[in-house]
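Chemist: My structure is below; once you've seen it, I'll send some questions.
The values are calculated or read from the model by the stated rules, or taken from the named source; none is laboratory data. All figures in this text were calculated on a predicted structure; none of them were measured in a lab. Because the Cβ atoms are built from the backbone with ideal geometry, glycine has one as well, and the counts that use them run over all protein chains shown.
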Amino acid sequence: MNAPSDRTAPKPPERLSIAYRILLHIARQGRYGPNEVPPRALCQAGMVEALGVTQGALVGFLQELVAAGVLSVHRDHVRGIDRRVKVYELTPEGDVLVLEIRRRQTPPPSPFGAPVGGGANEGSG
């Protein structure tokens, strides 16, 4: 039996897709140092704005991702909010998961691009 092509791989279910979007969004924000103020994008209000989901739905996903060990949460001040709020960060396990998500989202190389590998280029010159 033939293995399915990467191009025909099914899209993840919507529930998984939202979780992936949350993880990728948090990963895009980068890390901040201990003396830096986290960006608004790492709190619930910032994620609601960026991802276009309701806060109720977002909270449920965030709780599941924290319980799964791929996100950590703590209270901190963020830019643009005058009180401490929950701030979310990727755990080392979350970093690994984001790398896997990105790897799967990378389109296959073009058959018209440069040859891959160390072989000799035929017909070049």
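Chemist: Run residue 88 past the list (1) among the aromatic types (Phe, Trp, Tyr); (2) in a loop (DSSP other than H, G, I, E, B); (3) modelled with pLDDT of 95 or more and report the number of the one that doesn't hold.
Modeler: With (1) among the aromatic types (Phe, Trp, Tyr); (2) in a loop (DSSP other than H, G, I, E, B); (3) modelled with pLDDT of 95 or more applied to residue 88, the lone miss is (2).
Chemist: Could you check the stretch 24-40 and list, in sequence order, the residues that are hydrophobic (A, V, I, L, M, F, W, C) and within 20 Å of residue 99 (Cβ to Cβ)? If you could, list the steps in order and put the result at the bottom.
Modeler: First, pick out the residues of the stretch 24-40 that are hydrophobic (A, V, I, L, M, F, W, C): 24, 26-27, 37.
Hits for the stretch 24-40 are 24, 26, 27.
Chemist: Could you tell me which numbered condition residue 81 fails, if it satisfies all but one of (1) at pLDDT below 95; (2) of a type in the set (A, V, I, L, M); (3) closer than 23 Å to residue 101 by Cα?
Modeler: Against the list (1) at pLDDT below 95; (2) of a type in the set (A, V, I, L, M); (3) closer than 23 Å to residue 101 by Cα, residue 81 comes up short only on (3).
Chemist: To continue, here is another question. Can you work out which of the residues in the stretch 80-107 that are under 24 Å from residue 38 (Cα atoms) and free of Cβ contacts under 8 Å to residues at least 24 places away in the same chain is surrounded by the most Cβ atoms within 10 Å (Cβ to Cβ)?
Modeler: Restricting to residues being under 24 Å from residue 38 (Cα atoms) and free of Cβ contacts under 8 Å to residues at least 24 places away in the same chain, the top hit is 91.
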